[in-house]
Amino acid sequence: MPKLAIVVGHRENAPGATAVSPISSSEYQWNGDLAEIMAAHAASVPGAEVSIFLRDEGGVAGAYRRAKEWGADGAIELHFNSAGPSATGSETLYLTPPSRPFADAVQDATISALGLRDRGIKTPNEASGGRGTQNLSQMGARPSILTEPFFGSNASDCQAAQDNKSELAKSQLEAAVNFLASMDSDEIWEVTADALNVRGGPGVEFATLAWGPLRRGAAVELLSREGDWAMISNSSGQRGYVHTAFLA
Ligand SMILES: [Zn+2]
């Protein structure tokens, strides 16, 4: 039963960018509505549990603290982009290694719903000099992304978003829930090395985590695979990555 937190970007009294016609409303307003369509659609997606979190109380940290207390397996924060009138397309931001495949899945869903230019998945630094880093750091080892499905400053982007709003909500919701469900494998594996380092990402370039190394015979749950690496969790729910050569 994957639990997805939907965080609405910005606040009622600082509502973010305002989109041009035919949207003619703020990020906070348009995405609050989008979040409600997503949550309503979750009722027809088997196993999906969705809750909406606002930044009005306690800001970014407050919204994500409540999402974690609720037990969210992952989070998606809703925005739209803004620049000159000709900037166009969809992008999804991620920061941590577990969030990268989550961003890929939701970006694909966004492209299929809106049909705008695929600007790809990006880190906050690649997208805008770091904006979003604080938001995307809040979920720890749980996947967390920030969506920018269109440019509110571009009239034809806004037309596409307005015409396909329900489709956008449904396809993003389904992609997010299916991704989180795929991480809940219930597969238990055993460590076959004397001391197996646990890392923050899928590669030796990522730092080792303090809850490792794991001893031979330790049981771990396999959550997902990325090449020769697996994301695992221990019985306390801590997550990290190990090389699959040392699991059986
Ligand atoms: Zn925004």
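Inside the stretch 50-166, counting only helices (runs of 4 or more DSSP H) that do not spill past its ends, which hold 3 or more residues that are closer than 26 Å to Lys3 by Cα and either at pLDDT 95 or above or among the polar types (S, T, N, Q) (or both)? Explain how you work it out, then say what you get.
Details: elements: 59-70, 99-114, 124-128, 133-136, 155-163.
The qualifying helices (runs of 4 or more DSSP H) are 59-70, 99-114, 133-136.
Across the stretch 171-208, what is the total count of residues that are surrounded by 20 or more Cβ atoms within 10 Å (Cβ to Cβ) and either of a type in the set (S, T, N, Q) or closer than 23 Å to Val45 by Cα (or both)?
9
Just one of (1) within 16 Å of the ligand (Cβ to nearest atom); (2) under 26 Å from Ser182 (Cβ atoms); (3) of a type in the set (A, V, I, L, M, F, W, C) trips up Leu54, so point out which.
(2)
Being in contact with a helix residue (DSSP H, G or I) (Cβ under 7 Å, 6 or more places away or on another chain) and assigned to a strand (DSSP E or B) narrows it down to one of Ala169, Ala193, Ala230, Ala176, so name that one.
The match here is Ala230.
Checking the structure you have, find out if any residue of the stretch 91-103 is surrounded by fewer than 21 Cβ atoms within 10 Å (Cβ to Cβ) and in contact with a Phe, Trp or Tyr (Cβ under 6 Å, 6 or more places away or on another chain).
Within the stretch 91-103, one or more residues are surrounded by fewer than 21 Cβ atoms within 10 Å (Cβ to Cβ) and in contact with a Phe, Trp or Tyr (Cβ under 6 Å, 6 or more places away or on another chain).
Condition test on Gly120, is it in contact with a Cys (Cβ under 7 Å, 6 or more places away or on another chain) and either farther than 19 Å from Tyr64 by Cβ or not assigned by TED's automatic domain parsing to the domain that holds Gly74 (or both)?
Details: in contact with a Cys (Cβ under 7 Å, 6 or more places away or on another chain): no; either farther than 19 Å from Tyr64 by Cβ or not assigned by TED's automatic domain parsing to the domain that holds Gly74 (or both): yes.
In short, no.
Could you say whether any residue in the stretch 30-38 is under 20 Å from Ser128 (Cβ atoms) and assigned by TED's automatic domain parsing to the domain that holds Leu114? Quick ask: steps written out before the conclusion?
Step one: of the stretch 30-38, the residues under 20 Å from Ser128 (Cβ atoms) are 30-31.
With the extra rule that they be assigned by TED's automatic domain parsing to the domain that holds Leu114, the set shrinks to 30-31.
Scanning the stretch 30-38, I find at least one residue that is under 20 Å from Ser128 (Cβ atoms) and assigned by TED's automatic domain parsing to the domain that holds Leu114, so the answer is yes.
Tell me yes or no: at least one residue of the stretch 17-38 is touching a residue at least 24 places away in the same chain (Cβ under 8 Å), more than 16 Å from the ligand (Cβ to nearest atom) and on the phi > 0 side of the Ramachandran plot.
The answer is no, given that none of the residues of the stretch 17-38 is touching a residue at least 24 places away in the same chain (Cβ under 8 Å), more than 16 Å from the ligand (Cβ to nearest atom) and on the phi > 0 side of the Ramachandran plot.
Please go through the stretch 46-75 and give me each residue that is among the aromatic types (Phe, Trp, Tyr) and exposed (fewer than 14 other Cβ atoms within 10 Å of the Cβ), ordered by number. I'd like the intermediate steps shown before the answer.
To start, the set of residues in the stretch 46-75 that are among the aromatic types (Phe, Trp, Tyr) comprises 53, 64, 70.
Scanning the stretch 46-75 gives a single hit, Trp70.
Considering the stretch 151-210 alone, what residues qualify as being aliphatic (A, V, I, L, M) and without any contact (Cβ under 8 Å) to a residue 24 or more places away in the chain?
Filtering the stretch 151-210 for residues aliphatic (A, V, I, L, M) gives 155, 160-161, 168-169, 173, 175-177, 180-181, 183, 188, 191, 193, 195-196, 198, 204, 207, 209-210.
Once the filter is applied, which keeps residues that are aliphatic (A, V, I, L, M) and without any contact (Cβ under 8 Å) to a residue 24 or more places away in the chain, the stretch 151-210 yields Ala195, Val204, Ala207, Ala210.
The values are calculated or read from the model by the stated rules, or taken from the named source; none is laboratory data. None of these values were measured; they are calculated from a predicted model. Here the Cβ is made from the backbone with ideal geometry for all residues, glycine too, and neighbour counts use every protein chain on show.
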